[in-house]
Amino acid sequence: MAFVKPVDQSFTLRDFLKSSTKKSLKKRTDEFYDYVGFVKKNHRYTYQRKIISATERVVEIWDDEDKASREMLMFASNNYLGLANHPYVKERVIKAMKTNGTGIGGPPLLNGYSNLMCELEERLAAMKQCESVMIFSSGYNANIGLISGLTQRNDWIIFDSLSHASFYDGLQLTKTNSVHFEHNNLNDLEQKLEEVSSKCKGDIFVATEGVFSMDGDLAPLDKIIPMLRKYNAILLLDDAHGTGIMGELGKGTAEHFNLENEIDLTLGTFSKTLAVTGGFLASSKEVINYLRYFARSYMFSASLPPISLAAVLGGLDVIEKEPWLREKLHENTQYAVSKLRQFGFYVEPEAAIIALKVPDEMNIRKANYEIHRRGIFLNAVEYPAVPLNEQRFRISMTALHTKEDIDKLSTEIEAVWNDENTWI
C-alpha cells in the first residue's frame, strides 16, 4: 500500500516511523520515497540544497522550485574562519596536487602514508602538545576507531549524554561496559565514577566534548579533570568544534582552560574549522602506535588524498598567522547574541554555535522553509536527531559575516517567529 498523504500538514517523520514498523524493506522504502515527495510538494523540504559556489558568507544555490540560482547568507556551515575558500589554502592545495597528485590509493599502514601525512601529524602533535598523532579518513571513523580499538571487555566508559552519534556507534562495536552521565552534570559524573570504580576490573574512560555541537556550550574541563585524577580515569576529549577557534592561539578547548598537558587523548576533525574532511587522534606515542594496528576504521580505510592534507596544513598556517580571524569570529558571535536577545531569544553560546530552541507549537519544517525563502541558509535539527522537545535551529557563525549579515539574520528569524503560518 502506497503512502497516503495526510490531511494534517504537521505530519512528521515521527508519525511516518510509527506507521512503518514491522514492514518489509520494499514497503518501507516505497513509502518513505512517497513521504519525502509529499514533503517536497508541500514546500517543507530544505535538505540537499545545491550549492553552486564556493562556501563563503554568501553562497549561490540552485533553487529547484524556481529553476534559477540565487544568493543566500550562509549561517549553516562549520567553516568558522573562512578557510574553505582562503587564497593561501588554495595555493597550498594547488602546489600539493602538482607535486603529489590527487590520490594515493591505499591505507596508511600499507602504501598510503605520505610525506604530507607525516608533516601534518607532527604539526597537530605540536598544536595539541602531545607526543603523537594519527590521521583518519573522517572524524566519524576516528571516534569509531578510538572506542572499538582502545577498550576491552573489563573496561568501563562513562560518557556525556550529548556525545556525538559517531561515539554512540563506536560503543556498538565494543563489548565494553558503558554508562552515561547527564549533560555537563558534575554531580552525576562523580556518582557514576564512584559506582563504576567499585566494580571495574579494567580501565575507566570518561568521554566528553570540548564544544558541544548542539548548543555550543563547553565541557567544564577545569572541574572534570581533577575529578578524573581522583578516580584514576582516562579522559577522552572530542574537540571537533573547539580545534582552531578556542584558546588564545586556537589550539582548542584545552588551551581555553589552560589544561593542554592534562588531556589523555584528543579527537579532532578537519570538517569543522579546517573546512575539508578527515579526523585525527592525539595522545602518547604508545597509545597512537597501538591504535594504528587495532583501530579497524584506520587499518581498513584509504588515506586522505594529498589535496586534503595540504588544505589542512594551509589552514593551520592561517590559524597561526591570522589570529584576527578568530577574534572576529567571537566578536560576530557576541554581536549575534545581542541582536537575538533584543528579540526575546535567550541564547548563551560559549563558542561559535548558537542554538535556537523551537517551541513545541512551531512546525520546524514550515519555519525553516520560510527562513530559506527569506535568503537565510540555516540548519534545522529535527527528530530523531534530537528529542521532539529539543528540536532547534543551529546557527553557525563565521569570521566572514558582517554586522549587516547578522542584522538580517536576526530580523528574518524574528519575522518567521511572528508568522502565524509557521505555528501548528
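Please give the helix 139-150 orientation as an angle from the longest Cα principal axis of the chain, in degrees from 0 to 90, rounded to the nearest 10.
40
Give me the net charge of GLU56's neighbourhood, meaning all other residues with Cβ under 12 Å from the Cβ of GLU56; Lys, Arg count +1, Asp, Glu -1.
Here the charged neighbours net out to -2.
What value does the chain have for Rg/Rh, both radii from Cα atoms and Rh as Kirkwood defines it?
Over the Cα atoms of the chain, Rg/Rh equals 0.97.
Using the alpha-carbon centroid of each, what span in Å lies between the range 251-268 and the range 352-382?
33
When DSSP beta bridges are limited to those with both residues in the chain, what percentage is antiparallel, rounded to the nearest 5?
Rounded to the nearest five, the antiparallel share is 60 percent.
Using all alpha carbons of the range 136-267, what is the percent of pairwise distances in each 5 Å bin, ordered from the shortest bin to the longest?
Answer for the range 136-267: a P(r) of 2, 11, 23, 24, 22, 13, 5, 1, 0 percent.
Filter the trypsin sites (Lys or Arg not before Pro) in the range 89-160 to those in DSSP coil with at most 15 other Cβ atoms within 10 Å of their Cβ, and list the result.
Here the sparse-neighbourhood loop sites are ARG153.
Give the relative contact order (percent, whole number) for the range 269-424; include only Cα pairs under 8 Å separated by 6+ residues. Working shown, then result.
Values: 158 pairs, mean separation 34.1, N = 156.
Once divided by the residue count of the range 269-424, the mean separation gives 22 percent.
Take the eigenvalues of the Cα gyration tensor for the range 87-321, scale each by 5, and report the square roots as semi-axes in whole Å, largest first. Mind showing how you got there, number by number?
Numbers: eigenvalues 189, 78, 37 Å².
So the three semi-axes of the range 87-321 are 31, 20, 14 Å.
Considering the convex hull of the alpha carbon atoms of the range 223-273, report its projected area averaged over all viewing directions, in nm², one decimal.
Computed as one quarter of the Cα hull surface, the answer is 3.3 nm².
Pick out, in residue order, every one of the trypsin sites (Lys or Arg not before Pro) in the range 361-414 that is DSSP loop and has at most 11 other C-beta atoms within 10 Å; say none if there are none.
Filter output for the range 361-414: empty list.
What's the longest bit of the chain with no exposed GluC sites (Glu not before Pro), using DSSP loop states and at most 12 other Cβ atoms within 10 Å as the test?
66-247
Where Rh is the Kirkwood radius over the Cα pairs of the range 1-147, the temperature 10 °C and the viscosity 1.306 mPa s, what D in µm²/s does Stokes-Einstein return? Display every interim value, and only then the final one.
Numbers: Rh = 20.4 Å.
Once the numbers are plugged in, D ends up at 78 µm²/s.
Sort all Cα-Cα distances of the range 339-412 into consecutive 5 angstrom bins from zero, then give the percent of pairs in each bin up to the one containing the longest distance.
3, 14, 25, 30, 19, 7, 2
Using Cα pairs closer than 8 Å and at least 6 residues apart in sequence, work out the relative contact order for the range 87-321, in percent.
With pairs under 8 Å counted, the relative contact order is 32 percent.
Whole angstrom only: what separates the Cα centroid of the range 137-187 from the Cα centroid of the range 285-300?
The two parts, judged by their Cα centres, are 17 Å apart.
Using a cut-off of under 13 Å, list every residue of the range 205-237 whose amide N is near the label point 7 Å from the Cα of ASN154 along the Cα-to-beta-carbon line.
none
With r defined as the distance between the Cβ atoms of ILE94 and LEU249 and R0 fixed at 35 Å, what FRET efficiency is calculated, to the nearest 0.05?
Working: r = 27 Å, r/R0 = 0.78.
That gives a FRET efficiency of 0.80.
Can you grab the distance from the C-alpha centre of the range 408-424 to the C-alpha centre of the range 192-242, Å, no decimals?
Centre-to-centre (Cα) distance: 39 Å.
Ignoring chymotrypsin sites (Phe, Trp or Tyr not before Pro) that are buried or in helix or strand per DSSP, and keeping those with at most 12 other beta carbon atoms within 10 Å, what is the longest stretch of the chain between them?
Details: sites that count: TYR47, PHE300, TYR346.
Value returned for the longest uninterrupted segment is 48-299.
Find how much the distance from GLN334 to ASP169 grows on full extension, using 0.36 nm per residue of separation minus their present alpha carbon separation; answer in nm with one decimal.
56.0 nm
For the range 193-293, state the semi-axes of the equivalent ellipsoid (square roots of 5 times the eigenvalues of the alpha-carbon gyration tensor), sorted largest first and rounded to whole angstrom.
In descending order the semi-axes read 24, 17, 12 Å.
Work out, step by step, the length gained on full extension between GLU286 and ASN187: first 0.36 nm times the residue separation, then minus their alpha carbon distance; give nm to one decimal.
Length gained between GLU286 and ASN187: 32.4 nm.
List the relative contact order of the chain as a percent without decimals, with contacts defined as Cα pairs under 8 Å and 6+ residues apart. Intermediate values should be presented prior to the final figure.
Values: 791 pairs, mean separation 89.8, N = 424.
Value for the chain: 21 percent.
All of the numbers you see were taken from the coordinates with simple rules; none came from a lab. Just so it is clear, the model here is predicted, and its values are computed rather than measured. Backbone-built Cβ (ideal geometry, glycine too); neighbour counts: all protein chains shown.
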